[in-house]
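Just below is one structure, and these are the notes that go with it.
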Amino acid sequence: MSESRLRAAIAALALAGAGIAAYLTYARYSGTPIACSTGGCETVQHSRYAVVAGIPVAVIGLVGYAALLATAAFRGATAAALGVGCAVIGLAFGAYLLVAQIALIHAICQWCVASDAVITLIALAALYRYLLTLRETPAA
Amino acid sequence: MASNKSSAPVQAPKARPGGKPGAAPGDLRARLTPSRILALAVVGAMVIAGILIGVSVAGSSSKSPGPKTLVGEIQTLNLLSGIPQHANALGRPDARVTMVEFADPACPYCMRFAVDTLPAIVRQYVRPGKVRLVYNGLDFVGPASEPGLRAIEAAGAQNKAWYLIDLLYRNQGDEQTNWLPTSFLSAIAETVPGLDSVKLVKDMSSSQTTAAIRASAQQASAAGVHQTPTFFIGLTGGTMQELSVQSLDLSAFTPAVDRLLAK
């Protein structure tokens, strides 16, 4: 797979993740009930883990996916490495929130799990893209 | 005349190990090889993720009373606006079915029911006038139980109890702490349209409120309620039966409600 295809895949996944984050942000500020088949979305969204330093986690996610989208817009090893960095932040924080849902809140938010799946795929794609850019960089 | 400078041999600077050839030894760009950029990005990412997690853990384990900012006002207003309230009852008095909930304002499972399941019950049954909900408050879970329950009873005297019930659950804090100081309670009450928050705080310590709490505790004792939330259901004006639920999901409630509505 070429770097351009990987960039397109990362961009598509980042858009999907941004869509999830945007929906949760909209629901939070508009008061709209969250569509939820797992039954725990509102519990998670109203838990104290849903806010970091006064900022809703959904908003942080939206900013993160926007940053990933930006890294996919540029070619080269630097953009690829920054993409890996952004994905690592999302992966680590997503894993922490998943543990909090299971062990501390005792409720699962399906949208958060979907976002975790998206960021995992982005992290794998971003790492592969970085390795590919190294291989494609002409030797000095 | 040619200058000595122009005729002097120019030697390309040697690249440092790992650096780009042709760059000056002190050149920052030369040092930023792809592997170093990745290392910087990953280390930076770990630091940022660590800060985010650290701030979240610090915020969630804080023993300060109550959340700093009030949440859920819009959800509560959207959910309850336009539905009749009388004392601690929500819904039309002539609704066919009445469901009674024994609950504690500081009980985490009551909060789960309130934020995850109650909205669907309200939309599906209470708003159309089919079901009337009655909140019988208890205060044994934690330090915030009593002020929370007193506030609910005092809001009930103004026929606004359910706004407060819903907002208290949406802003519930750690059950072992008093997350409901008077200042936060007033802030919650002030978001409810038509609720006199000054009167509410005053009524919290009235003899009527104390009597209402005692009556609720006596009802719970007579009904054999040992845990919260506990539900009773029946035709309005008829005998109430305990509703044993295996979970707090909507599906645990709808069969019993639908069966009674079909009678």
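Just so it is clear, none of the values below were taken in a lab; they were calculated from the coordinates. These numbers were taken from a predicted model, which means no experiment stands behind them. Reconstructed Cβ throughout: ideal geometry from the backbone, glycine too, with neighbour counts over all protein chains shown.
Structural remarks
Table: residues versus (1) at the interface with chain B (Cβ under 8 Å from one of its Cβ atoms); (2) at positive phi.
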| position | (1), (2) |
| --- | --- |
| A:14 | no, no |
| A:35 | no, no |
| A:60 | yes, no |
| A:67 | no, no |
| A:76 | no, yes |
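- Residue among B:177, B:228, B:210 that is over 18 Å from residue B:159 (Cβ atoms), over 25 Å from the mean Cα position of the chain (by Cα) and among the polar types (S, T, N, Q): B:210
- Candidates are the residues of segment A:128-138 that are of a type in the set (A, V, I, L, M, F, W, C) and surrounded by fewer than 17 Cβ atoms within 10 Å (Cβ to Cβ); the one that is farthest from residue A:6 (Cα to Cα) is A:134.
- Residue count, segment B:79-118 (criterion: surrounded by fewer than 20 Cβ atoms within 10 Å (Cβ to Cβ), part of a helix (DSSP H, G or I) and either of a type outside the set (Ser, Thr, Tyr) or in contact with a Phe, Trp or Tyr (Cβ under 7 Å, 6 or more places away or on another chain) (or both)): 1
- When the residues of segment A:101-121 are filtered to those that are of a type in the set (A, V, I, L, M) and within 13 Å of another protein chain (Cβ to nearest Cβ), the one that is farthest from residue A:43 (Cα to Cα) is A:119.
- Identification of helices (runs of 4 or more DSSP H) wholly contained in segment B:152-263 with 1 or more residues that are under 19 Å from residue B:136 (Cβ atoms) and of a type in the set (A, V, I, L, M) yields B:161-170, B:207-223, B:254-262.
- Counted residues, segment A:16-49 - those being part of a helix (DSSP H, G or I), crowded, with 22+ Cβ neighbours inside 10 Å and without any contact (Cβ under 8 Å) to a residue 60 or more places away in the chain: 2
- Condition met for residue A:12 (of a type in the set (A, V, I, L, M), farther than 22 Å from residue B:79 by Cα and more than 17 Å from the chain's Cα centre (by Cα)): no
- Of all the numbered requirements in (1) over 22 Å from residue B:116 (Cα atoms); (2) of a type outside the set (Phe, Trp, Tyr); (3) over 9 Å from the mean Cα position of the chain (by Cα), residue A:107 misses one, and that requirement is (1).
- Filtering A:80, A:123, A:100, A:117 for residues that are surrounded by fewer than 18 Cβ atoms within 10 Å (Cβ to Cβ), of a type outside the set (Phe, Trp, Tyr) and in a helix (DSSP H, G or I) leaves a single hit, A:117.
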